[in-house]
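In what follows, a single structure is set out as structure tokens and then discussed.
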Amino acid sequence: MNKVKISASIICADWLNMGKALKELAAEGIDYLHYDIMDGFFAPTYTIGTDIIRQIRDNTLIPSDFHLMVEEPARIFQRFTPRAGDIFSIHYEACRNLHRDLMTIRSFGCKTGVVLNPATNLEALDYIIDDVDVITIMTVNPGYTGQKLVPQTIQKIKRLKDKIDASGLNIELEVDGNVNAENIPKMVGAGADILVGGSSGLFIKDLSLSESVVRMKSDINEGLKLRGQDG
Ligand code: DX5
Ligand code: ZN
């Protein structure tokens with residue numbers, strides 16, 4: 001019931017052994033593959049493009065979790081051939097017509113996702129919350145792997161969880177950035193439903209994927225125990 005999902009950040013995987021990584025992620029029951037797409041403008045660097053993503057998707061059954069860190073992303077939605085069941089997330093800060101863009105995503109049959117940067121207020125959600133399936137709280141600023149948590153975002157997760165509960169809507173809360181052993185219990189305790197496993201929690205040097213997943217699950221359980229303890 002209270003299963004917290006793991007979305008594996010594919011840019012953090014071992015690119016020289018991607019086939020092996022995909023098989024291991026499937027064997028571990030990873031829920032989503034998280035694709036970070038950056039345009040060198042909204043986010044200060046570049047990551048992967050559509051051809052590479054297509055190759056990965058052709059070789060896995062794990063659903064996609066697209067995270068577009070792209071200015072006016074509606075220009076390029078179709079290039080990702082979004083499928084029913086995928087999460088397709090765009091940034092509040094990057095869309096002039098956010099509601100229209102969410103409706104376009106919904107027309108693909110995807111789960112509609114909105115992402116908020118650390119400095120963005122939760123009030124930004126007020127007039128679109130009825131039309132989103134997944135809300136992502138960035139716990140680092142978009143752009144780079146391996147950054148440190150922006151600490152005030154933990155309180156923000158808690159406030160968003162309360163807001164979702166008060167709305168009565170069926171919305172999943174995703175957390176992206178520095179999801180590691182130290183932060184997972186706090187993130188899950190505050191209400192995270194989906195965790196992005198990146199360079200700090202899942203793809204760790206000297207640990208196998210299976211060892212990292214065992215560790216993440218145990219940290220998730222710690223967090224679940226914390227839920228509700230603050231009243
Ligand atoms: C940050 C990206 C994340 C990142 C998270 O801009 O969106 O997906 O890969 O992984 P960490 O913070 O653990 O390296
Ligand atoms: Zn991401």
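The values are calculated or read from the model by the stated rules, or taken from the named source; none is laboratory data. All values reported here derive from a predicted model rather than from experimental measurement. When we count neighbours, we look across all protein chains shown, and the Cβ atoms used for this are built from the backbone with ideal geometry, even at glycine. Side chains are part of the model used for accessible areas, which takes the heavy atoms of the whole protein and leaves out ligands, DNA and RNA. Shrake-Rupley method; radii C 1.70, N 1.55, O 1.52, S 1.80 Å.
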Percent antiparallel among DSSP beta bridges (both partners in the chain, rounded to 5): 5
Size of the chain as Cα extents on the principal axes (Å, biggest first): 46, 44, 32
Carbon plus sulfur fraction of accessible area for the chain, probe 1.4 Å, in percent: 50
Region 5-227, relative contact order [Cα under 8 Å, separation at least 6], %: 17
Long-range lysine pairs (8 or more apart or interchain), region 98-173, Cα under 20 Å: 4
Two-site label geometry, residue 130 and residue 26: point separation in nm, points 7 Å out along Cα→Cβ: 4.1
C-alpha center-to-center spacing [region 171-231, region 2-60] in angstrom: 18
Cα→Cβ-extended label distance, 7 Å offset, between residue 103 and residue 51, nm: 3.6
Label-to-label distance, nm, for residues given as residue 83 and residue 152 (7 Å Cα→Cβ offset): 4.1
Lysines with Cα under 21 Å of residue 20, excluding same-chain neighbours fewer than 8 positions away: 205
Reach of residue 217 by Cα under 17 Å, taken over aspartates and glutamates that are not fewer than 8 positions away in the same chain: 24, 28, 31, 174, 176, 182, 193
Extension gain (nm, one decimal) between residue 225 and residue 207, 0.36 nm per residue minus Cα-Cα: 3.9 nm
Cα-based Rg and Dmax for region 50-130, where Dmax is the largest Cα-Cα distance (Å): 13.0, 40
Where only C-alpha atoms are counted, convex hull volume of region 141-231 per residue in Å³: 99
